[in-house]
Amino acid sequence: MSISKDDRVDLQPDDIPTKWYNIAADLPEPLPPPLNPATNKPLRPEDLEAIFPKGAIAQELSVERYIDIPEEVRDAYLMLGRPSPLQRARRLEKYLKTPAKIYFKREDLSPAGSHKPNSAIPQAYLNMKEGVENLTTETGAGQWGSALALSCAHFDLNCEVFMVRSSYDQKPFRRLVMETYGATVHASPSNVTKYGRSVIAKQPEHPGTLGIAITEAVEVCLQQENTKYSLGSVLNHVMLHQTVIGQEVMMQLEQIDTVPDYMVGCVGGGSNFAGFCFPMIGEKIKGKIDTEFIATESVSAPSLTEGELRYDFGDTGKMTPKLKMYTMGCDYVPPAIHAGGLRYHGMAPAVSKVAELGYMKTYAYDQNDTFAAGIAFAQNEGIIPAPESCHAIKGAMDLALEAKKNNEEKVIVFNLSGHGLLDMAGYDRYLRNNL
Ligand SMILES: *Cc1c(COP(=O)(O)O)cnc(C)c1O
């Protein structure tokens, strides 16, 4: 086999984007504002200052098309392995006997194992700049906690993580990654907060949810001096930070003169999908391309395919502002699937708006089907994907099979949001027919 120039498309260190892309500037309708739950009126920036640094709030509410990436953040992006390669899945194509070309963006290569540091780094940076000393957060599968722990170590902040109990029990090595970076980790619901104690009192064996862990992290943030809270998905500024992914993909596709027919990403809160697709969706809004954008979610938290579009709380304890999003309801407890990062009741308001306007489609998959796809990918491409990313792989494989049926040479690009090397308990259960 001879290697062709489009088998792996690399960029140079100085190709790391200098700006984040804000889709709010290009959408035909404004993004719905977050509401103050006490008044049901749009939040004022000051209302958010108890939990977020001013720099993040400005980004959250910005409608500027491009926002400069600080030099220190670009330097840290280099440390994370950016720019990441775009790679062709030739062996998977052959295995599927499809005429389609399949590419994937390698967000699995960051030291924390996923795309999450793309936002953890700037969030830690913005807090450090304003003199904050402690950050609290939640984590589902442990990917966001690992990313924030790494970023807090980088900018000398303390990090306290509430980890959803079902993951805490399934993934002791994720906890150890966070502790190795210097973070403190609690299983949520925990005895550390008033809200956690109230949940445990009602249900001692509660498996936890992201919504509960968020409430706990916000509670500690509000009570402790010089402490802010950091969220790994859902909010506009997180979507913004992740657009380094899609901007790199655009450069890479240009290098091989390719416009994709499909771009596919998995969705939990929406951040890797948004980061991967929004720069290209901006082109679609301007009528320059005709690519289809496909989000793949879990049937256990099917906010886009089955949720309702309305204002809802971001957490279960109803402490956060209300966000307009597709939601299963903030009290919804998803089954304890292995793709912990997809167990969220809502969807980012920005992704919800893009879905409402019809710029994307969504499919929901069962974890048996997604693990099967992940294993086919691992055996052909050598990379063990995160259970979340398996949903994107399943979506890409289905499209490749459809292309085969129609004998069409479609180009499919998906985002490999993370590796699964710390998720082997899930693979264990799948391989032993025990899911
Ligand atoms: C957290 C996570 C997700 C889901 O979160 P999004 O905000 O929807 O991206 C997907 N894949 C991986 C590997 C994750 O860690």
Kindly indicate which of Leu421, Leu435 is part of a loop (DSSP other than H, G, I, E, B), within 16 Å of the ligand (Cβ to nearest atom) and either hydrophobic (A, V, I, L, M, F, W, C) or over 19 Å from Pro99 (Cβ atoms) (or both). Leu421
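Out of the residues in the stretch 134-162 that are assigned to a strand (DSSP E or B) and within 16 Å of the ligand (Cβ to nearest atom), state the one that is nearest to Gly418 (Cα to Cα). Talk me through it step by step, then tell me what you get.
Initial filter on the stretch 134-162 (assigned to a strand (DSSP E or B)): 134-139, 158-162.
Then keep just the ones that are within 16 Å of the ligand (Cβ to nearest atom); that gives 137-139, 161-162.
Working: Thr137: 20, Glu138: 18, Thr139: 15, Val161: 20, Phe162: 21 Å.
This residue is Thr139.
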Hey, does the stretch 353-369 have a residue that's in a helix (DSSP H, G or I) and of a type in the set (Ser, Thr, Tyr)? no
Conditions (1) modelled with pLDDT of 95 or more; (2) in a loop (DSSP other than H, G, I, E, B); number of the one not met by Pro334: (1)
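State whether one or more residues within the stretch 35-42 are out of contact with any strand residue (DSSP E or B) (no Cβ under 9 Å at 6 or more places or on another chain) and loosely packed, with under 15 Cβ neighbours inside 10 Å.
Scanning the stretch 35-42, I find at least one residue that is out of contact with any strand residue (DSSP E or B) (no Cβ under 9 Å at 6 or more places or on another chain) and loosely packed, with under 15 Cβ neighbours inside 10 Å, so the answer is yes.
I want to confirm something. Restricting to the stretch 43-63 and keeping residues that are among the aliphatic types (A, V, I, L, M) and buried (at least 17 other Cβ atoms within 10 Å of the Cβ), which single residue is farthest from the chain's Cα centre (by Cα)?
Filtering first and then ranking leaves Leu43.
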Determine if the stretch 198-210 includes at least one residue that is under 21 Å from Gln223 (Cα atoms), modelled with pLDDT under 95 and in a helix (DSSP H, G or I). yes
Filter the stretch 380-418 down to the residues that are under 21 Å from the mean Cα position of the chain (by Cα) and more than 10 Å from the ligand (Cβ to nearest atom) and list them by number. Ile383, Ile384, Ile393, Lys394, Gly395, Ala396, Met397, Ile412, Val413, Phe414
Kindly indicate whether Ser4 is hydroxyl-bearing (Ser, Thr, Tyr) and either on the phi > 0 side of the Ramachandran plot or surrounded by 13 or more Cβ atoms within 10 Å (Cβ to Cβ) (or both). no
Taking the stretch 230-262 and the residues there that are farther than 20 Å from Pro17 by Cβ and surrounded by fewer than 24 Cβ atoms within 10 Å (Cβ to Cβ), the one that is nearest to the ligand (Cβ to nearest atom) would be Tyr262
Out of everything in the stretch 317-335 that is within 16 Å of the ligand (Cβ to nearest atom) and not polar (S, T, N, Q), what residue ends up being nearest to Ser298 (Cα to Cα)? Pro334
For Glu388, state whether it is over 21 Å from Val9 (Cα atoms), touching a residue at least 60 places away in the same chain (Cβ under 8 Å) and in contact with a Leu (Cβ under 6 Å, 6 or more places away or on another chain). yes
In the stretch 406-418, anything part of a loop (DSSP other than H, G, I, E, B) and more than 22 Å from Pro111 (Cβ to Cβ) is listed as Asn406, Asn407, Glu408, Glu409, Lys410
Looking at the stretch 263-299, which of its residues are assigned to a loop (DSSP other than H, G, I, E, B), within 8 Å of the ligand (Cβ to nearest atom) and in contact with a strand residue (DSSP E or B) (Cβ under 7 Å, 6 or more places away or on another chain)? Val267
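The values are calculated or read from the model by the stated rules, or taken from the named source; none is laboratory data. For clarity, every value in this text was computed on a predicted model and none was experimentally measured. In this analysis, Cβ positions are derived from the backbone assuming ideal geometry, glycine residues included, and neighbour counts consider all displayed protein chains.
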